[in-house]
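Each value in this text was obtained by applying a stated rule to the coordinates, not by laboratory testing. A quick note: this is a predicted structure, and the numbers were derived from the prediction, not measured. Cβ sites come from the backbone with ideal geometry, for glycine too, and all protein chains shown count toward neighbours.
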Amino acid sequence: MNNQLSTSWPVVLSIAGFDPCSGAGIAADIKTLAAHNCYGVAAITALTVQNTQGISSVYPTEAAVLKAMITAVLADGAVTAVKVGMLANRANAEVVMEILASNPALPSVLDPVLRSSGATELADAACIEFVRESLIKRVSVITPNLAEAAVLTGLEVEGLEGMKVTARRLVEMGAPAVVVTGGHLDKAIDVFFDGSEPEVFVGDHVKPDNTHGTGCTFSSAIAANLALGRHLRDAIVLAKAYVTEAIRKAYIVGPGRVPLNHLYRMNPSTRVADHSPAVPEPVS
């Protein structure tokens, strides 16, 4: 059985930070990938000291070590997609840029993690500049939330029209495709733009406290769907539906923010309903 899984499940590489409470970062990515019948491998960009109540400290991985981890994993020749999350500093961002440039055929998703919800800085100024000027041009799609989109573009992002303007601006800056996520708005609105016309997806706004790791989960779900051979738009729609259900079925693991239930499909009591999650509808 193990041999069958290793050859039939697409392998997806997550390059991100480590969250000890497993709500975000590498651990969330691995769970999300498993939920999509993908095998997750990982390279850790930073260790964080945190729990559900917040982050107290961050310890970036040395760039040479990060590069060695990624190179070793890619040497197996099985990776079919890449998800990039927290990078911490410019040196790590440059390593990722070099790796992606050497593997241009790999679909890649960048979640530009810049700071935590508690305002802890997760990328230094030089890293942000490099992401803005260089890295967004190298990946297949970027998935900033409103705050991240504002930092990357210098624009004020408020409401749906602001999201559309910002998405256009990011594509003008070189990003091949963008999903600006608006989970903190009154409606769970995402704006997808790849150079044609912006497309808006509206989903249910459920359990607003159950949102620890939503950005990580959304981007890794997109990467999983790309690895499974789906087109980008379909990958985004399915990822949004998955995240919505993972939020809906989340449960408390500490006194702070509630992590998503990445493996909700494994629960026999909800399995029937979970086969057909509510797919967000596009709106004009």
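If the chain linking N37 and N103 were pulled fully straight, counting 0.36 nm for each residue of separation and taking away their Cα-Cα distance, it would gain 21.4 nm.
Using just its DSSP H runs of length 4 or more, each adding -39500 (n - 2.57), the chain gives a mean residue ellipticity at 222 nm of -11000 deg cm²/dmol after division by all residues. Kirkwood hydrodynamic radius of region 103-167, from the reciprocal of the average inverse Cα-Cα distance over all distinct pairs: 12.6 Å.
In a fully extended conformation the segment linking E62 and M266 would gain 69.8 nm over its present Cα-Cα distance, using 0.36 nm per residue.
Between L155 and Y251, the modelled labels are 4.3 nm apart [label points 7 Å from Cα along Cα→Cβ]. Sorting 233-240, 126-133, 215-222 by their mean Cβ neighbour count within 10 Å, with the most densely packed peptide first, gives 215-222, 233-240, 126-133.
Seen from A16, the other residues with C-beta closer than 13 Å to its C-beta sum to a net charge of -1, counting Lys and Arg as +1 and Asp and Glu as -1.
Length gained on full extension, A72 to E197, computed as 0.36 nm times the residue gap minus the Cα-Cα distance: 41.0 nm. Rg and Dmax of region 1-141, based on Cα coordinates, read 14.7, 47 Å. In a reduced charge model with +1 at each Lys and Arg Cβ and -1 at each Asp and Glu Cβ, region 30-181 shows a dipole moment near 280 debye about its Cα centre. Taking 27 Å as the straight-line reach from the Cα of K207, the lysines in range (excluding those fewer than 8 positions away in the same chain) are K31, K83, K164, K187, K240, K249.
Quick one: what does P(r) look like for the chain with 5 Å bins over all Cα pairs, in whole %? Final binned percentages: 1, 6, 13, 18, 21, 18, 13, 7, 2, 0, 0.
Taking label positions 7 Å along the Cα-Cβ direction at both E121 and S8, the computed distance is 4.9 nm, reported to one decimal. With the charge dipole of the chain set up from +1 on Lys and Arg Cβ and -1 on Asp and Glu Cβ about the Cα centre, the Cα lying farthest toward the positive end among the listed residues A35, A101, A46 is that of A35.
Using the Cβ-Cβ distance between E129 and N51 with R0 = 35 Å, the FRET efficiency computed as 1/(1 + (r/R0)^6) comes to roughly 0.70.
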